[in-house]
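Please treat every number below as a calculation from the coordinates, not as lab data. Because the structure is a prediction, the values reported are computed rather than measured. With ideal geometry, Cβ positions are generated from the backbone for all residues, glycine too; neighbour counts draw on all protein chains shown.
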Amino acid sequence: MTDPKPSTNDILAKIRAKNAEAAAAEKPAAAAPSIEAPAPIGASAAEVKPAAPKGTGDILAAARAAAKPAGTADILAAIKKPAAAAPAVPAAGAPKSPADIMAAIRAKAGGTPAAASAAPAAVKPAAEVKAAAAPVGMSAADMIKAARSVAEGAPVLPKVVLPEKPLPAKTPAASSKAPAVQVERRSVVGAIIAFVLSPVFIAWSSFTTAFGAFGLGVARFMMPNVLVEPPTKFKIGPPNDYAPGTVSTKWQAQFNIWVVNGEVDGAQMIYALSTVCTHLGCTPNWLEGEQKFKCPCHGSGFYKNGVNFEGPAPRPLERVGIRLAEDGMLEVDKSVKFQKELGQWSNPSCFVGMT
Ligand code: FES
């Protein structure tokens, strides 16, 4: 092992120690310190003549002037020579950058094998690293990571690729059943559509429809026409619901009758008049203010008792049957008519006496 190369700080420290010793020996420093032989970088402190520099700057200036390096580059060039000759870094060769040189010098001065150990790692070929660490199928990122690990000295563990979870194998029945069902459904639907669109189906469906409509028409022709009409007999409540001297239009819309409680030939009675005008069959209106029935069609007028007195109506209004039922209600029967001109109003079936 060669002596580690002292750093600049070491050199300066030694120089300062020399100066301190000189000062201690009380050597006068009358003249300015002169450096007869410039101390090359890397020279030992014994080769430096004792001087009395006043500061670090003066010492460096004197050293640079004696060694004639023009600047830091020259100093570094001077440092590179012993560093390149040192066997501590046999494989790395001459440092290529100032940082490398300084790192090598510091490692050497500190006695650490950093430079010797870092150099092989730094110059280890990447191909070698890849060949050592990359198994077949390794990705680029893994190879870079492995190279870095090799360079840093960490063990490289090959990436374990776990096999993917195998998918459950389809059973032959399940895999072949669905397409078969689909094909079967498609074939069935296609057959139905083809049958519906076939001329035979269209012809038979049209014939069936026409024959059904004809049958329904025949059946309707065979059925009698039923005219739904209100019943001819119905009850209209007790006699007290009809005050004397009044005309009730309560049943005009429902049964086409007026119920009158009036005096006829000196007798108080309740009778029912038909709402059919004897002229052409219109429905007159009861005018309470005029106490008469007035037909809107041709102006025929009728008294409260139904006798016509104006307009084209040829005869009085007709009465319908009325009686007092067993339950005390008035019951009207429209199936029978009573005409005054025929002397039928005297029939007790067409009035209910109130006396
Ligand atoms: Fe009533 Fe002619 S129908 S007046």
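When LEU12, LEU330 are arranged by Cβ crowding within 10 Å, least crowded first, meaning fewest neighbours, the order is LEU12, LEU330.
Other residues lying with their Cβ under 13 Å from the Cβ of ALA325 contribute a combined charge of -1, Lys and Arg counting +1, Asp and Glu -1. Taking all Cα-Cα distances within the stretch 193-302, those exceeding 17 Å account for 71%. Over all other residues within a Cβ to Cβ distance under 13 Å of LYS334, the charged ones net out to +1, with Lys and Arg as +1 and Asp and Glu as -1.
Among TRP258, TRP204, sorting on how many other beta-carbon atoms sit within 10 Å of each Cβ, with the fewest leading, yields TRP204, TRP258.
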